[in-house]
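The values are calculated or read from the model by the stated rules, or taken from the named source; none is laboratory data. Predicted model, so just to flag it, every value in this text is computed and none were measured. Reconstructed Cβ throughout: ideal geometry from the backbone, glycine too, with neighbour counts over all protein chains shown.
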Amino acid sequence: MKPTPPPGPSRPQRTQSNLPTRLPDLDTIATPATRPTPVEHQVNDEKVRKQVVEVLGELGQQMRMSIHVRSEHGDVYLRGTVDTSYNRLLVVSVVSRLPGVKKIHDEITLGSQFHGKAEANHVGNGNRKRNLQFVGIVAAVVLLAGAYGAWSLTTTSLSDFPVVVLYAGKPADGAILTLHPLDPQPANEIKRPLGRVGPDGTVEWTTFDRGDGVPPGRYAVTAIWHPLVLVNGETFSRSNVLGKEYQKSDSTPLRLEVSAQAQSPLQVELKR
């Protein structure tokens, strides 16, 4: 009987491959869909500039100003003069709330002399020209004799006259009021106090410095209002919602008699 030979090395078992038996043609391979790279929203600088000019035109009926407006990629450059530091803050505040305005470059200075009329200036830079809108809106009824020092009124004669301004029963937050004296005054003492409506509808009056009050007397009240609206999570400023009759002292239906003894707030209702 022949001896049994020792077992030889076992053959390794063949593992199953994950590769296909035949590679697919390149033309049959579907390219995975990729999400397009988001494109940054392009700002229409001409549209931004025009709406800034429009707003300044409305503010120009309430104050004296001479301002150049330029917009580059949503950055708005304001260069010129206004009559008071409060009006300077007011201009910057209103313009910064307009749609498309990303940043304000404030180059506004204070001045008591204003010249010029609305015109378009072209500033050359090599072969490139930029359109600059010069806004020189001067309210003819505003008569100033130099700076505030020419006015004989003092801050001791000012009143924190309480007023609440509503529109459709709700506070007209951000509305701007201008008081036009109805009582005869010397030419060098005419002043147009301003009022800004807060979130609760109360008015902050300014005559010399912000919030210092308003002189007692009878006034015609002009008003403009650009309310804020929320659209798709973004805040925008609407165009003036008040009727044109509110923009001139001889047509506005609003009258105000300011007294130093007033205690209860006077309620004013604005209409379209």
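Here are the numbers:
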quantity: Pick from segment 240-258, criterion over 16 Å from Leu194 (Cα atoms) and in contact with a Ser or Thr (Cβ under 8 Å, 6 or more places away or on another chain), ranking: surrounded by the most Cβ atoms within 10 Å (Cβ to Cβ); calculated: Glu245
quantity: So Arg272, is it in a strand (DSSP E or B) and out of contact with any Lys or Arg (no Cβ under 6 Å at 6 or more places or on another chain); calculated: no
quantity: Thr202 vs. criteria surrounded by fewer than 18 Cβ atoms within 10 Å (Cβ to Cβ), polar (S, T, N, Q) and in contact with a strand residue (DSSP E or B) (Cβ under 7 Å, 6 or more places away or on another chain); calculated: yes
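One line per residue, one yes/no per condition, for (1) over 20 Å from Lys103 (Cα atoms); (2) at pLDDT 70 or above; (3) hydrophobic (A, V, I, L, M, F, W, C); (4) surrounded by 17 or more Cβ atoms within 10 Å (Cβ to Cβ):
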position	(1), (2), (3), (4)
Ile29	yes, no, yes, no
Arg35	yes, no, no, no
Pro38	yes, no, no, no
Asp45	no, yes, no, yes
Arg49	no, yes, no, yes
Gly60	yes, yes, no, yes
Met63	yes, yes, yes, yes
Arg70	no, yes, no, yes
Gly74	no, yes, no, no
